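Student: Have a look at this one.
The values are calculated or read from the model by the stated rules, or taken from the named source; none is laboratory data. Quantities reported herein were computed from a predicted structural model and do not represent experimental measurements. We place every Cβ from the backbone using ideal geometry, glycine too, and count neighbours over all the protein chains shown.
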Amino acid sequence: MDKVRLQREAAFIRSSLLDQGYLDEQFIQLEELQDNDNPNFVEEVVTLFYTDSARLIYNIDQALLSNPTDFTKLDDYMHQFKGSCSSIGAKKVKNECNGFGEYCEVQNYDGCFRTFQQIKQEYITLKKKLETYFQLLKEAAQIK
Amino acid sequence: MILIDKDAWDKESSTLYSIKKQKKNGINGDRINFPKVFLLATHLSPNECDELKKNGVIDDILMKPFWLSVLVCSYRESLGIEKRQINRKKVSKLGNLLLQKRILVVDDNAVNRKVAEGVLQKYGATVTCVEGGRAALQMLKPPHNFDACFMDLQMPEMDGFEVTRQIRILENDVNEKIACGEASAEMFGDIFYWHIPILAMTADVTQASNEECKKCGMDGYVSKPFEEEQLYTAMARFFKPSSYVEAECLRFSTMASLAMEADLECNYLTRISCLGEAMLLRLV
């Protein structure tokens, strides 16, 4: 596939992620940090985000399975996860996390559980789109 | 654009006359394409400003001394371009403030560490990242070479408040020893008084956090992720400005105090403070 077309597709994904509120200004800040000294900065940060998130999501899932529910632990994990989301500009996912926090505070297990399924959905959607985005950029870079 | 000094404006001259005439005629015709006329003054009340702008010849009044950014803003406004933040390269706002400063970032979250490091490095700082309190204490026990520390508040083993408290204890210990002669400053890198600026990094900026920050010995806080302006404001307190900057600041504060003495209205002072801010941004 031709270079320009790949780049255009990538740009389209990026625009729609920003327009639909999956990503915010912070992601653009990360892009601005990328330069010749740091050519893959954004992808590196995002990859780190996936690894970190996978761990936290696993931990939260486990914590939701344990009985009795340790809401403090849940809140801690979620705080971490929310922080990571914030750092990369994952706006939509981050906002879902707020709801989770509120349920934690009032120790509402069902609320936490339901919200977390929602969070996981949004996270997976974002991850898939970002993976496609970087894949396209990589393919485009390899041409010519 | 045409820049006219107020003193020149007050004197009658043929050049001035023709500018005024053409501008007035221009107004009836094509407003946009006529050169913008800016009056430069040092001391005008808001009423005087309004009076002068009334006849439509003067597009805006700029207070002397002014800086390029002020001129640019006023010019854009006069063209009817909406006030939008000119998104310059990251480097310009913080200027050289963080250049070659050695900064320690303490955060248990890997993503946050990487992003904080990226941002600070872009401003020219040399960044070291550690995961938690224990490592931070090792790094910040005097003597060390760090110029500042950004500290995450919510960390699992030891939170940011506790780490800071312990750092201050270490520093006080050393400071007392030096003060009473038990130890020499030479043993501690020729520094007589140790107090590293520690800024809390927090996603949740609440009043309670601020009180607690101060109590445990922190010097301030910044939001996470970093915001350029806030970062600048926080860091400018610690990093010594050059003597040129100090001179300009003195000039600016003299202007401000003159204005206050003359008991001028609020919005004039606001103008001065905006001007001052533009000056400072320009200077650093």
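Student: Among the numbered criteria (1) out of contact with any Lys or Arg (no Cβ under 6 Å at 6 or more places or on another chain); (2) under 20 Å from B:M151 (Cβ atoms); (3) surrounded by 14 or more Cβ atoms within 10 Å (Cβ to Cβ), which single criterion is violated by B:K214?
Tutor: (3)
Student: Which one is nearest to the other protein chains (Cβ to nearest Cβ), of the residues in the range A:28-57 that are closer than 15 Å to A:E122 by Cβ and crowded, with 19+ Cβ neighbours inside 10 Å?
Tutor: By that ranking, first place goes to A:F49.
Student: Something else: Go through the residues of the range A:16-26 one by one and say whether even a single one is away from chain B (no Cβ under 14 Å), of a type in the set (A, V, I, L, M, F, W, C) and within 16 Å of A:S86 (Cα to Cα). Before the answer, list the steps.
Tutor: Narrowing the range A:16-26 to residues away from chain B (no Cβ under 14 Å): A:16-22.
Remaining after also requiring of a type in the set (A, V, I, L, M, F, W, C): A:17-18.
Now narrow it down to the ones that are within 16 Å of A:S86 (Cα to Cα): A:17-18.
There is at least one residue in the range A:16-26 that is away from chain B (no Cβ under 14 Å), of a type in the set (A, V, I, L, M, F, W, C) and within 16 Å of A:S86 (Cα to Cα).
Student: Here is a follow-up. Of (1) modelled with pLDDT of 90 or more; (2) over 30 Å from A:L33 (Cα atoms), B:D152 satisfies all except one. Which?
Tutor: That leaves (2) as the condition not met.
Student: Next up: One residue is enough: does the range A:75-95 have a residue meeting the conditions surrounded by fewer than 13 Cβ atoms within 10 Å (Cβ to Cβ) and outside any helix (DSSP H, G or I)? Outline the logic, then answer.
Tutor: Here is the first cut: in the range A:75-95, the residues surrounded by fewer than 13 Cβ atoms within 10 Å (Cβ to Cβ) are none.
No, the range A:75-95 contains no residue that is surrounded by fewer than 13 Cβ atoms within 10 Å (Cβ to Cβ) and outside any helix (DSSP H, G or I).
Student: Then there is this: Residues that are within 18 Å of A:K127 (Cβ to Cβ) and either aliphatic (A, V, I, L, M) or more than 14 Å from every other protein chain (Cβ to nearest Cβ) (or both): does the range A:101-109 have at least one?
Tutor: Filtering the range A:101-109 down to residues within 18 Å of A:K127 (Cβ to Cβ) leaves none.
Checked against the condition, which is being within 18 Å of A:K127 (Cβ to Cβ) and either aliphatic (A, V, I, L, M) or more than 14 Å from every other protein chain (Cβ to nearest Cβ) (or both), the range A:101-109 yields no hits at all.
Student: Right, next: Right, B:T202: crowded, with 19+ Cβ neighbours inside 10 Å, within 14 Å of chain A (Cβ to nearest Cβ), within 24 Å of A:Q29 (Cα to Cα) and under 29 Å from the mean Cα position of the chain (by Cα) or not? Even if it seems obvious, please write down each step before you answer.
Tutor: Numbers: crowded, with 19+ Cβ neighbours inside 10 Å: yes; within 14 Å of chain A (Cβ to nearest Cβ): yes; within 24 Å of A:Q29 (Cα to Cα): yes; under 29 Å from the mean Cα position of the chain (by Cα): yes.
Yes: the conditions hold for B:T202.
Student: Please work out if A:R114 is more than 27 Å from B:V115 (Cα to Cα), basic (K, R) and either within 14 Å of chain B (Cβ to nearest Cβ) or over 18 Å from the mean Cα position of the chain (by Cα) (or both). Spell out the reasoning first.
Tutor: Numbers: more than 27 Å from B:V115 (Cα to Cα): yes; basic (K, R): yes; either within 14 Å of chain B (Cβ to nearest Cβ) or over 18 Å from the mean Cα position of the chain (by Cα) (or both): yes.
Against the criterion (more than 27 Å from B:V115 (Cα to Cα), basic (K, R) and either within 14 Å of chain B (Cβ to nearest Cβ) or over 18 Å from the mean Cα position of the chain (by Cα) (or both)), A:R114 qualifies.
Student: I would also like to ask the following. Considering each of A:T47, A:T69 in turn, give the residue that is assigned to a loop (DSSP other than H, G, I, E, B) and within 27 Å of A:T115 (Cα to Cα). Before the answer, list the steps.
Tutor: Details: A:T47 fails: assigned to a loop (DSSP other than H, G, I, E, B).
After applying the criteria, what remains is A:T69.
Student: Scan the range B:40-56 and give yes if some residue there is in contact with a helix residue (DSSP H, G or I) (Cβ under 6 Å, 6 or more places away or on another chain), closer than 30 Å to A:T47 by Cα, part of a helix (DSSP H, G or I) and at pLDDT below 75, otherwise no. Steps first, please.
Tutor: Of the residues in the range B:40-56, the ones in contact with a helix residue (DSSP H, G or I) (Cβ under 6 Å, 6 or more places away or on another chain) are B:41, B:46, B:56.
Next, from what is left, pick out any that are closer than 30 Å to A:T47 by Cα: none.
No: the range B:40-56 contains no residue that is in contact with a helix residue (DSSP H, G or I) (Cβ under 6 Å, 6 or more places away or on another chain), closer than 30 Å to A:T47 by Cα, part of a helix (DSSP H, G or I) and at pLDDT below 75.
Student: In addition: Residues that are part of a strand (DSSP E or B) and of a type in the set (V, I, T): does the range B:167-181 have at least one?
Tutor: First pass over the range B:167-181, keeping only residues part of a strand (DSSP E or B): none.
No, that holds for no residue.
Student: Restricting the range A:72-92 to residues that are in contact (Cβ under 8 Å) with a residue 40 or more places away in the chain and not basic (K, R), which is farthest from the other protein chains (Cβ to nearest Cβ)?
Tutor: From the range A:72-92, those in contact (Cβ under 8 Å) with a residue 40 or more places away in the chain are A:86-92; that's our starting set.
If we keep only those that are not basic (K, R) as well, we get A:86-90.
Values: A:S86: 6, A:S87: 4, A:I88: 7, A:G89: 8, A:A90: 10 Å.
Among those that are in contact (Cβ under 8 Å) with a residue 40 or more places away in the chain and not basic (K, R), it is A:A90.
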